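The values are calculated or read from the model by the stated rules, or taken from the named source; none is laboratory data. All figures in this text were calculated on a predicted structure; none of them were measured in a lab. Because the Cβ atoms are built from the backbone with ideal geometry, glycine has one as well, and the counts that use them run over all protein chains shown.
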């Protein structure tokens, strides 16, 4: 399966900033697909963390 997206304006600028930050932290260039993969994994981890918090609340 393939999904294509186009970012314009401020969203494109934001993506470039995020990509630059991730590349600095990791010490190497990342493809756009790699950046999206990292963002999706972090998002899903956040959802899992939130679910864990909900389960632990009385």
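Looking for whichever is modelled with pLDDT under 95 and in a helix (DSSP H, G or I) here; the options are 22, 39, 47. Which one fits?
Testing whether each residue is modelled with pLDDT under 95 and in a helix (DSSP H, G or I) leaves just 47.
The set of residues in region 25-36 that are assigned to a loop (DSSP other than H, G, I, E, B) and loosely packed, with under 10 Cβ neighbours inside 10 Å comprises 27, 28, 29, 31.
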